[in-house]
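Asks: This is the structure, below, for whatever I ask next.
The values are calculated or read from the model by the stated rules, or taken from the named source; none is laboratory data. These numbers were taken from a predicted model, which means no experiment stands behind them. Here the Cβ positions follow ideal geometry from the backbone for every residue, glycine too, while neighbour counts run over all protein chains shown.
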Amino acid sequence: MAKTAPQICKNAEVTSARRPSPDDLLVLLAVGRTGRYTTAAEELGLNHTTISRRITALEQAMGGRVLARVAGGWELTELGRDALAAAETVEAAVRSLTVDPSGNRTLEGVVRLSATDGFSAYIAAPAAAAVQRRHPKVAVEIVAATRRATQQRSGLDLEVVVAEPGSDPRVHRATALRLGDYCLGLYGSRGYLAEHGPPADIADLAHFPLVYFIDSMLQVDDLDLATSFAPAMRESVTSTNVFVHVEATRAAAGLGLLPCFMADRHDDLIRVLTDTVSVRLAYWLVARPETRRRPEVAALVDAIQTQMTEQRDVLLGLGS
């Protein structure tokens, strides 16, 4: 018995030593959601070295790698996803202790969203404001960019892209949610159409300059194909920013292929060839499943979906 007891105690010490720390799990949660040590460190108020040390300690406790290095950041391993599920339970338990005066659960944190210029201004911004009014401790960062879904989404919680990303190999370990459709139409300013006259038909468009994206810099295939309805129109003012398209069209640079929900806000823009030129595209939301489960992220997604529903007719160019 005297020899056996110390062995039992030793095994108990080993078991205890290998139990993952809740603090280390929460560090993994931050890295797993953002894909970057630096972003996680900023979010948690720690330095990069501490983040690295905590992850190493967690891997030692779990007996394997929880993160794998990928281009642009870090990705959860199979073991890491198991640990992240436990970390979410810890986080939920901690947050359940914090309620507002009405007894509702308090949400806090930063949600980072990437979306196209128009979506950022007219859908994401009002949605973010609605979340912030309801949850003052939630901050929303909006990065305006017109591009394909990124491969790792490092530093981003949500991405809104044009066209379905499901077959895109860049969408790795992420889910895609169709938010809804919007339409592009051809517009000219009142002054421009008074001087040049509106196009009579599709063939007539060959005589008009086009205001649109810079062809050589356009990354989104569906936007690139949007002009296939017409014969080659010579380029007028081109830009990577759709707000430039709107203002150049208003300034009589030519006919602009514009999102209806942006152009229809301006009384000086007139839509032409309405029945024949109507390009319908879709907005998709891309995110890691573990990110979507964050309560503050879920709140923003709900608010975005509400905006999309309320603005459906405007997005489709069917009126305000």
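Asks: Condition first: touching a Leu at 6+ places or on another chain (Cβ under 7 Å) and either modelled with pLDDT under 85 or closer than 22 Å to Thr309 by Cα (or both). Now tell me which residues in the stretch 113-142 satisfy that.
Replies: Those that are touching a Leu at 6+ places or on another chain (Cβ under 7 Å) and either modelled with pLDDT under 85 or closer than 22 Å to Thr309 by Cα (or both): Leu113, Ser114, Ala124, Ala127, Ala128, Val131, His135, Val140, Ile142.
Asks: With respect to Ala263, determine if the residue is without any contact (Cβ under 8 Å) to a residue 24 or more places away in the chain and either small (Gly, Ala, Ser) or closer than 17 Å to Gly118 by Cβ (or both). Show your work before the answer.
Replies: Numbers: without any contact (Cβ under 8 Å) to a residue 24 or more places away in the chain: no; either small (Gly, Ala, Ser) or closer than 17 Å to Gly118 by Cβ (or both): yes.
Taking the combined requirement at face value, the residue does not satisfy it.
Asks: Scan Thr77, Thr89, Thr106, Thr98 and give me the residue that is within 20 Å of Arg19 (Cβ to Cβ) and either in contact with a strand residue (DSSP E or B) (Cβ under 6 Å, 6 or more places away or on another chain) or at pLDDT below 80 (or both).
Replies: Numbers: Thr89 fails: either in contact with a strand residue (DSSP E or B) (Cβ under 6 Å, 6 or more places away or on another chain) or at pLDDT below 80 (or both); Thr106 fails: within 20 Å of Arg19 (Cβ to Cβ); Thr98 fails: within 20 Å of Arg19 (Cβ to Cβ).
Just a single option satisfies the conditions, and that option is Thr77.
Asks: For the stretch 61-76, give me each residue that is farther than 18 Å from Asp157 by Cα and either touching a helix residue (DSSP H, G or I) at 6+ places or on another chain (Cβ under 9 Å) or crowded, with 21+ Cβ neighbours inside 10 Å (or both). Reasoning before the result, please.
Replies: So the first thing to find is which residues in the stretch 61-76 are farther than 18 Å from Asp157 by Cα, and the list is 61-66, 68-69.
If the condition is that a residue be farther than 18 Å from Asp157 by Cα and either touching a helix residue (DSSP H, G or I) at 6+ places or on another chain (Cβ under 9 Å) or crowded, with 21+ Cβ neighbours inside 10 Å (or both), then Ala61, Met62, Gly63, Gly64, Arg65, Val66, Ala68 are the ones that fit.
Asks: Identify the residue in the stretch 173-196 that is surrounded by 13 or more Cβ atoms within 10 Å (Cβ to Cβ) and not in a strand (DSSP E or B) and, among all such residues, is modelled with the lowest pLDDT.
Replies: Arg173
Asks: If a residue must be more than 17 Å from Leu179 (Cα to Cα), surrounded by fewer than 16 Cβ atoms within 10 Å (Cβ to Cβ) and touching a Lys or Arg at 6+ places or on another chain (Cβ under 8 Å), how many such residues does the stretch 267-297 contain?
Replies: Going through the stretch 267-297 one residue at a time, the tally reaches 1.
Asks: Looking only at the stretch 298-320, how many residues end up being under 23 Å from the mean Cα position of the chain (by Cα) and crowded, with 16+ Cβ neighbours inside 10 Å?
Replies: Here the count works out to 12.
Asks: Residue by residue through the stretch 23-59, note down the ones that are modelled with pLDDT of 90 or more, within 15 Å of Asp82 (Cα to Cα) and of a type outside the set (A, V, I, L, M, F, W, C).
Replies: Asp24, Glu59
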